[in-house]
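S.K.: Can you read through this structure? Questions will come right after.
The values are calculated or read from the model by the stated rules, or taken from the named source; none is laboratory data. Owing to the predicted nature of the structure, the values given are computational and were not obtained by experimental measurement. Quick reminder, even Gly has a Cβ in these numbers, built from the backbone with ideal geometry, and neighbours come from all protein chains shown.
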Amino acid sequence: MLEFGRFKAHTCDGIGRRGFIKTAASVPMALGAGLPSLEAVEAARSRAKAKSVLLLWLWGGPSHIDMVDPKPDAPMEYRGPFGTIATKTPGMRFTELLPRMAARSDRYSVIRSMQTTNGGHPGAGTVGLTGYEENAGPIQPNFGSIIAKHHGQTDALPPFFYVGRGIPRDLPRRIEGYGGGTLGKAYDPFLVSCSEQGEVGIPTLNMLPGMTPDRIVDRKHLLSQLDQTRKQLDTARIRDWNRSHQAAYGLLTDPKAREAFDLTGEKQATRDMYGQTTFGQSCLLARRLVEARVPYVQVNWSEYVETFTPGGDFGWDTHIYNFELLQDRHCPIFDRAFSALIDDMTDRGLLDETLVIAMGEFGRTPHISNRASREHWQHCYFSIWAGAGVQAGRCIGESDAKAEHPVTRPITPLMAGTTISELCGVGARERAEMKVLDGGSLIHELL
């Protein structure tokens, strides 16, 4: 089932994403001149090990010590209540909460020595998705925006998708590094939502009253309705938004593009394999977008970081009930969906050319708090990598005996972004031309 316009999203300049669809048909298609040619994009893809990237963004800060980096010999006030289980990777153990993933660890690698520079959700979210701190100047682009600019807009589907309830944000504000940043709003992600029933909504395609996708094809009719809106935008802004306009127009008018969002085309057994949860069905939708050759898809676990928010968003920020939530909800959902994704992509021959990553913005305090839970911890956390040139079955990096700090080389978000870009064919020269990821180095241990 495909629905249009279920929630709003705004750009950092205050113009609603709904606004760009109102001008889509008023922008001549010829303004697409200057975009990479299909031949150039195909040549770049042929050089890249990763034809697509699928990032599972675990917004809120999942507990590394309760999941993939347990410390069974640490004091009770650190190790927590969960037992550990062997994985297929020699010497690497998980907690008992991730049995499916433990049985598949030969298909991916785990980094246990991630470290970031910010201990607050919005700031750490920006660092985690751009490699840089927020500052008074222009915000650096999301890793997905870099890949989107490299590939360009050549198909009906946009090159960068966010799958989730909206732009990730803390309760006071959203993160700044969600989109195009210095590369421009044309490389912001295209937002889609997915319910636990697999119902897909496209908030950027809010329709004018009485307007349907078929009627959008009648550009002359739409132009007459949008004349006033067009007058409010100067020429520079129209050019700036052109790629997004073209993407929206293509989605409205291309049946094959809309088909990618129809999860009813999947067998019920496949949908059940991912789990009837928002995250599980979002992962299934992401796989379909990868099949449709979308270069970068980010699946957001939640919109809000907090575990308990209006609407039941259930982020990973478990300041209370950490152990209960991980045991009863978060880990079973993640264990099932991630394992299904790896199995499904392997069976379909997609994993060899798709880079799959799972990570949050930081971890949680190894020392259990006086609320019998865990707080923010930026000094050590984890990420998971699979496919597209990544050596599987490895445990990379090591934390100390209490999981407080790395005892091996810390791996930073900037290194993660640089590695993503390199695997996607965005080499040092291309990064320099874009003025992105300056000073970043590769995670050689993965490669």
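S.K.: Counting residues that are β-branched (Val, Ile, Thr) and modelled with pLDDT of 95 or more, which strands (runs of 3 or more DSSP E) fully inside the stretch 132-230 reach at least 1?
M.R.: It comes to 160-163.
S.K.: Another question, if that's okay. Answer yes or no as to whether ALA260 is in contact (Cβ under 8 Å) with a residue 40 or more places away in the chain, touching a Lys or Arg at 6+ places or on another chain (Cβ under 9 Å), small (Gly, Ala, Ser) and surrounded by fewer than 19 Cβ atoms within 10 Å (Cβ to Cβ).
M.R.: Against the criterion (in contact (Cβ under 8 Å) with a residue 40 or more places away in the chain, touching a Lys or Arg at 6+ places or on another chain (Cβ under 9 Å), small (Gly, Ala, Ser) and surrounded by fewer than 19 Cβ atoms within 10 Å (Cβ to Cβ)), ALA260 does not qualify.
S.K.: What about HIS151, is it surrounded by 24 or more Cβ atoms within 10 Å (Cβ to Cβ), closer than 21 Å to ILE384 by Cβ and touching a residue at least 12 places away in the same chain (Cβ under 8 Å)? Please lay out each step first, then the result.
M.R.: Details: surrounded by 24 or more Cβ atoms within 10 Å (Cβ to Cβ): yes; closer than 21 Å to ILE384 by Cβ: no; touching a residue at least 12 places away in the same chain (Cβ under 8 Å): yes.
It is false that HIS151 is surrounded by 24 or more Cβ atoms within 10 Å (Cβ to Cβ), closer than 21 Å to ILE384 by Cβ and touching a residue at least 12 places away in the same chain (Cβ under 8 Å).
S.K.: Could you check the stretch 106-125 and list, in sequence order, the residues that are assigned to a loop (DSSP other than H, G, I, E, B), among the β-branched types (Val, Ile, Thr) and surrounded by 22 or more Cβ atoms within 10 Å (Cβ to Cβ)?
M.R.: Scanning the stretch 106-125 gives a single hit, THR116.
S.K.: While we're looking at this one, here's another question. In the stretch 72-112, what residues are in contact with a Gly (Cβ under 9 Å, 6 or more places away or on another chain) and without any contact (Cβ under 8 Å) to a residue 12 or more places away in the chain?
M.R.: Listed by number, the list holds a single entry, PRO90.
S.K.: Could you check how many residues of the stretch 158-175 are of a type in the set (Val, Ile, Thr) and either crowded, with 24+ Cβ neighbours inside 10 Å or over 12 Å from the mean Cα position of the chain (by Cα) (or both)?
M.R.: Count: 2.
S.K.: Based on what the data block shows, is MET67 touching a residue at least 40 places away in the same chain (Cβ under 8 Å) and not charged (D, E, K, R)?
M.R.: Yes, satisfied.
S.K.: A further question on this structure: Among the residues of the stretch 305-324 satisfying the criterion of being crowded, with 24+ Cβ neighbours inside 10 Å and out of contact with any strand residue (DSSP E or B) (no Cβ under 6 Å at 6 or more places or on another chain), which is nearest to TRP57 (Cα to Cα)?
M.R.: Filtering the stretch 305-324 down to residues crowded, with 24+ Cβ neighbours inside 10 Å leaves 305, 315-318, 322.
Next, only the ones that are out of contact with any strand residue (DSSP E or B) (no Cβ under 6 Å at 6 or more places or on another chain) stay: 316, 318, 322.
Details: TRP316: 11, THR318: 16, ASN322: 19 Å.
Out of the qualifying residues, it is TRP316.
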